[in-house]
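Student: Next up is a structure, given as structure tokens.
The numbers here are math on the coordinates, done by the rules we state, and not lab data. No experiment lies behind these values; they were computed from the predicted model shown. Every residue, glycine as well, gets a Cβ built from its backbone with ideal geometry; the counts of neighbours run over all protein chains shown.
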């Protein structure tokens, strides 16, 4: 059995969107491909899960207007964004 990869981010950590985030169909009441969060939009990690098949962490990020599941490449530490 492959051990789950350790997450780069932690619960409660401030992050920002590393890129524009669109509805990929996971929000059924919102039009698909609608821009949800612009790059640089601030958020906070509220839960960390794990995608077993891909062996990657999945982060539930509260961006204030929407809570989204994000991959590590879709978010970055808030401090990195201001550096």
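Student: For the pair residue 38/residue 51, report the inter-label distance in nm, with labels modelled 7 Å from Cα in the Cβ direction.
Tutor: 2.7
Student: Taking the alpha-carbon set of the chain, what are its Rg and Dmax in Å?
Tutor: Expressed in Å, the Cα Rg and Dmax of the chain come to 12.9, 40.
Student: With r defined as the distance between the Cβ atoms of residue 3 and residue 72 and R0 fixed at 22 Å, what FRET efficiency is calculated, to the nearest 0.05?
Tutor: 0.80
Student: Region 52-76 to region 26-40: how many Å between their Cα centroids?
Tutor: The distance from the Cα centre of region 52-76 to that of region 26-40 comes to 14 Å.
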